[in-house]
Structures are given as C-alpha cells and as structure tokens.
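Working notes, beginning with the structure itself.
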Amino acid sequence: MSQPPAEIRKHVRGGEGRRKARSQTKGRQVDPDALEQVQALLGDRSRQRDLLIEHLHLIQDKYRHLSAAHLAALAYEMKMAQAEVYEVASFYAHFDIVREGEGAPPPVTVRVCDSLSCEMFGAAKLLGELEATLDPKKIRVIRAPCMGACDKAPACAVGHDQVFAATPAKVKAALGARGHHATKAGKDYAAYVAEGGYKLLRDCLDGRLTPDDLIKRVDDAGLRGLGGAGFPTGRKWKLVRQEQAPRLMCVNGDEGEVGTFKDRRYLDIDPHRFLEGMLIAGWVVEAADVYIYLRDEYPELRQMLLAEIPKLEAAGLARATRIHIRRGAGAYICGEESAMIESIEGKRGLPRHRPPYVAQVGLFGRPTLVQNVETLWWVRDIAEKGAAWFAGHGRRDRKGLRSFSVSGRVKKPGVVLAPAGVTARELVEEFCGGMLDGQDFKGYLPGGASGGILPASMADLPLDFGTLEPYGCFVGSHAVVILSDLDNMKDVAINLMRFFEDESCGQCTPCRVGTEKAVKLMAKPKWDEPLIAELSQAMTDASICGLGQAAANPVKSVLKHFRGDVL
C-alpha cells in the first residue's frame, strides 16, 4: 500500500484531537528475508492470481509449513490482500500454517488414513502404535482422509510417499527413504505410439475426422461421465460446443470419494490413452486450454505427467489445446466440479450455486467442459473399436463396461473391469476371489461414502446408473466396499459421517452444522431415530451441493436395513 499524498498526510499530523501519522502502513509488514525467499522460489513464474495455490505448494514443499512471514511476502509479491492469501491457505488440509509466535511443526508428517477400508484393516491400531513409538519432536503423526489406496489398506503417507498395507516397520523404513517419487509411466510415450497411439488424434487434427464424427461415436456407445454423475458424454460435448467461444476444459482427477482409486490405476498403467482422449475432447469443443486437476495424494502421477506431457507437445499433438496441470491440496469437496473450478482459479474450493452451469459459465467465466479421467480414457477405444464393441458389453439390459474400485473384506481387492449391470455378489464371487476366509457377506457400499449401504440380501441388484435410486442409494463413482459379519454398521456409519464432517467446506449451515451434530447424535449408545431423521432431511433438502445432500445416505441406510446394530 502506498503512502497518502503529502497534502493528505499534513492534515493528520498533530493538532488537537487528531491522530498522529503512522510511521508505516497498517497490517503485517513484509519481512525482507521472507520476501527474498519467496521471490527465489517463484523465480520467473507468473504471479497471476490463479497460481496462488501452486505458489503455496512451493513454499510448503520447501519449508514444510507456511509461516506468517511467508504468507505476507507471497501476498505482496502477487499483489493480493494478506487476508485473501490466508483464507485460501487455511482452507486446504495439506497446507500447515504457523501463526506468529507458534513453533514450526516437526520436519516430517506421517498421515494415517482413517477412512472406512483402512479403518477395517487396523488404521486405529497403526495410528496408536506410531504415536507411541515415533519421536514427536521429529515426526508428527496425524489422521487423514482417504488416500486412494483402499485396496492396499491400511495406507499412510510419509511426507508425500505412500506406504501400502502399512505396519510400524514399513513406516519406519519409509522414513529413512522418503522423498523419491517414481516418474516412469506404466506405458510411456514411445511405447504408446508404437502401438498406434495418437493416430486417432492426428486424424482429428488433420481434418480426416470431424467433431460430429466423434460425438456420434461416443453417443452411440452410450459413454457416460464415470466420475459419479453419469451424464451422457456426447450430449455434454454438444452442449459446450453450443456456447460462445472461447471455451475451456477441466479434467477432474481429484477422486476423493471414500473407496475410489480407479483413476489412479488408469493413469498409472496407460496415461497416454487418457491424454489422447483428453486432447480429442478438447479438440471437439475447441477448448483453447485444458486444466488437469490432480489429487495431491498422487505425487508420483504428477511427476509422471510432468515428464510425459512435454513429449507429446514436442510432437505437435497439443497444437490445438494447451495443457496445464494443477495440484489439489487435500480437499474432498474439490471433486465437485464447480468447487474444482474455484480451486483451479486459486480460490477456496466452495461449490457454486446453479444455474448457471459450468458448461455455460465455468473456469474464468468461460463455457467449460468438465470430464473425469476414466471417461476420457475410453474415448480412443470407443472411436477405434466402434460403439457396438463398447455397448456390446453388459448384463441385465445395461450397456458398456464399468470400472469398479473394490475394497473391504474380499480376497482380491482392486480395480475390476466388469460389464455394466454386474451385481455386488458377482463382483465378490467372480472378480474378487470371494470373501476373506471365515467371514460372511453382510453388506456393501455400492457408491462410496455417499452412495448408501445395502445388505447382502440385496446384493443381486444391478450396479449401474439409475438402478439403485429406488432403494435410496446410487452407484456414483463405482466405489464398492464389501462388509462382513465382523463389521458393526453403527461404527461404519459414524466413520462415514466423520469423513463428511471433516470435509464439509463450511459454506452452508445445513452441511457444516448438520454433519457435526449428526456425529454427536450417532456416537450415543442408542440413536434418537426421530431427531436423526429430522436432521438428515434438513441436510438433504437445504445443502448447497452433493456433499451435504448425500451425507445422510449411510445413516438412512443403516436405520432401514441394519436397525439391530443401532437401536
């Protein structure tokens, strides 16, 4: 802030009843050393407003926390209000803010996932053992939400390095080898091209195919958004194309739903299949820029994409659409498309009111195509093999292929590629090797934390869009968690509600207060069913976005199907 002109300053000096002139501007002053450190970190990077979260990551990665001095220096360097920088940094779980007068956290943080699948396989015990055996002055141990490794439970992260099927011994070994992320793709650019990769994209760029050709192929195949909403992909492309240019595109790679890890698998084994589908979709809607929003919990995938994307750019394959990678910062709510867009713009991830929809007014106020990673991963196969090939898979009158993230009490958890319309019982018996020895199938989550819970007696329902809604559930992102007779459904529901309590963005009262009150009511020895039902209805009816609207689904399911566990 500049000083007032001299003619204004002289009127506030001296004089009876007048305040003395300040020797410096209001607010926290910028420390020269902190400013120099921030400038060195940013280098020649742009200081544009939407890069705020990226720049906060640079400071967090370097110093393992965000000091008040560094936040003030970053605000000065980006010409932003300090309050605005602080409110963004404090919104995201992966930023550790150290206020003036507080000591910095220990240099290493170990996060132990306490979401459902990890809790089922001993996360609470692991957390307690680590807290008891690790030096708190050197290592901070905290609980954390789902890390996208539910099939390898319990999972934890040492810094950014994840440890699967974690034990205290594995964690201690990882502490000695932290900081090394693999950057090699499962199938790199050269291998992908050698197998015919990017031929379809070249046909698009060189005019041998038209946007209408691609729209018809995905329409005929019945491809839908596979991130949870299930909106027909071809129709979405048409809607965005109808809006006035310039248009933009965002890829939602923030699969934070409890039990979901399929996007991680596809990016790991064949990332260029996704990238080709992404560039084709961007070409169809004539998006000048595409932004990939990736979970901060997947650092190895980010490093891989940073290594592989320049290869396709050098080959001229991104000449129609510029590619940007944006890094999440630990906020489940940013899986909601408008909250993701707010985060890409460098803001808190608060869902927007609708209308207008993001296809009309999205990123930076422009019409925006938002797609999920897996949806784009299928574009090439559908276009090359034909709509009939994709639609030819399916059971019980459903069409297409679906990727299920299966975790819990099965012998072979993991990503299962199965026909649309498959049932939970078929997933367990045909694809996952059956239940763990000595355990009986009791129930299942068909669509992650928000998709409700169904008993094993209803495990023969088709798992697809529109088939579970009559039962108060939905398939969502196809995250299936299998429960056994070892699991108490009251504990399951409390675990899920605590997740929603932690992850509520706080924007609306029904969700912010409702999830907190629900956890307290559910923790009582016996549930007050009328009061919980009234609270659940208020959350469902009045919350702004799907988090609050669906948070009560597990509670309603347990009261309906597993009353003996709670009443």
Regression test value, accessible area per residue of the chain, probe 1.4 Å, units Å², expected 42 Å²
Using a 1.4 Å probe over the heavy atoms of the protein chains, calculate the carbon and sulfur portion of the accessible area of the chain as a whole percent.
51 percent
Taking the chain and a Cβ-Cβ threshold of 4.7 Å, the cysteines left without a partner are Cys146, Cys150, Cys156, Cys204, Cys250, Cys334, Cys432, Cys473, Cys505, Cys508, Cys511, Cys545
The answer for trypsin sites (Lys or Arg not before Pro) in the range 344-422 that fall in a DSSP coil and have at most 16 neighbouring Cβ atoms within 10 Å is Arg395, Arg396, Lys411
In the structure shown, of Lys412/Lys524; Lys347/Lys517; Lys170/Lys411; Lys442/Lys517, the pairs separated by more than 32 angstrom at the C-alpha atoms are Lys412/Lys524
Can you give the extra length, in nm with one decimal, that the chain gains between Glu313 and Ala191 once fully stretched, where that is 0.36 nm per residue apart less the Cα-Cα distance?
42.3 nm
Run the reach check for Lys172 against lysines, Cα to Cα strictly under 26 Å, same-chain hits fewer than 8 apart removed. What comes back?
Lys62, Lys125, Lys137, Lys138, Lys152, Lys184
Taking a spot 7 Å from the Cα of Ala165 along the direction of its beta carbon, which residues of the range 434-457 have an amide N less than 20 Å from it?
434-439
Under 21 Å from the Cα of Lys236 - lysines, other chains or at least 8 residues apart
Lys216, Lys399
With both partners inside the chain, how many of the DSSP beta bridges are antiparallel, as a percent to the nearest 5?
40 percent
Take the chain, mark every one of the GluC sites (Glu not before Pro) that falls in a DSSP loop and has at most 10 other Cβ within 10 Å, then report the longest stretch left between them, sites excluded.
101-567
Which value in deg cm²/dmol, rounded to the nearest 500, describes the helix-derived mean residue ellipticity at 222 nm for the chain, given -39,500 (n - 2.57) per DSSP H run of n ≥ 4 and division by the residue count?
-11500 deg cm²/dmol
Out of residues 5 or more away from Val108 or on other chains, whose amide H comes under 5 Å of its own, with H placed 1.01 Å from N in the peptide plane?
Arg140
Between Leu306 and Lys216, what is the label-point separation in nm under the 7 Å Cα-to-beta-carbon projection?
4.3 nm
Evaluate the relative contact order of the chain (contact order divided by residue number), counting alpha-carbon pairs under 8 angstrom at least 6 apart; express in whole percent.
12 percent
Which length gain, in nm to one decimal place, applies between Glu516 and Lys199 when the Cα-Cα distance is subtracted from 0.36 nm times their residue separation?
108.9 nm
Loop sites in the range 488-567: trypsin sites (Lys or Arg not before Pro), DSSP, at most 11 other Cβ within 10 Å:
Lys526
Distant-in-sequence amide H partners of Arg322 (H built 1.01 Å from N, under 5 Å)
Asp289, Val290
Could you list which residues have their amide H under 5 Å from that of Val370, counting only those 5 or more apart in sequence or on another chain, with H placed in the peptide plane?
Cys250
If Lys and Arg each add +1 and Asp and Glu each add -1, what is the summed charge of the other residues whose beta carbon sits under 12 Å from the beta carbon of Asp528?
+2
If I take every Cα pair under 8 Å that is 6 or more residues apart in the range 330-484, average their sequence separation and divide by the length, what percent do I get for the relative contact order?
16 percent
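The values are calculated or read from the model by the stated rules, or taken from the named source; none is laboratory data. Just so it is clear, the model here is predicted, and its values are computed rather than measured. Every residue, glycine as well, gets a Cβ built from its backbone with ideal geometry; the counts of neighbours run over all protein chains shown. Only protein heavy atoms, including side chains, enter the accessible area calculation; ligands, DNA and RNA are left aside. Shrake-Rupley method; radii C 1.70, N 1.55, O 1.52, S 1.80 Å.
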